[in-house]
Amino acid sequence: MLEKATKVGVLAVEDISVDGTKIHADASKSKAVSHKRLEEKRKQLRMEVEELLKTGAQADTKKVEGSIDIVAEIERRNKELDNLAEAKKELEHRAKERFEIEQSKYNEKMAERNAYTERSGRKQRGRVPTPPL
């Protein structure tokens with residue numbers, strides 16, 4: 001691509017240097033949620049829904065200042081709670097898969113250690129693998 005740009009005359013390439021710098025990129029908090037952050041967000045949204053319901057009850061009895069659409073706000077927060085529930089299911093699914101993989105690796109290592117002990121009559125050297133949590 002650079003060669004084409006220089007041939008056309010759009011780009012003048014004199015010196016190009018590549019230093020191999022790695023730049024850390026942060027993921028969006030709304031898209032990449034940890035289990036802890038997910039629970040915090042769910043609590044916050046539930047509190048907001050309760051507040052909106054109270055505001056709605058007050059609006060029925062007397063005039064409330066400000067013009068907010070309480071029904072739309074509750075609906076939006078409930079939709080966000082549903083999205084968080086889906087994210088939680090996905091996190092649990094991934095954790096289960098990871099656990100199963102780690103458990104199978106642990107079982108393989110322990111089987112190898114036991115086979116070595118049976119063959120040689122001695123314990124295998126090194127640390128005993130820790131089971132996955």
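This table checks each residue for (1) outside any helix (DSSP H, G or I); (2) at positive phi; (3) modelled with pLDDT of 90 or more.
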position: LYS22; (1), (2), (3): yes, no, no
position: ASP60; (1), (2), (3): no, no, no
position: LYS96; (1), (2), (3): no, no, yes
position: TYR116; (1), (2), (3): no, no, yes
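Scan the stretch 86-133 for residues that are more than 30 Å from LYS41 (Cα to Cα) and touching a helix residue (DSSP H, G or I) at 6+ places or on another chain (Cβ under 7 Å) and report the count.
The total comes to 4.
The values are calculated or read from the model by the stated rules, or taken from the named source; none is laboratory data. Computed from a predicted model, the values in this text were never measured in an experiment. Neighbour counts are summed over all protein chains in view; Cβ atoms, including those assigned to glycine, are modelled from backbone coordinates with ideal geometry.
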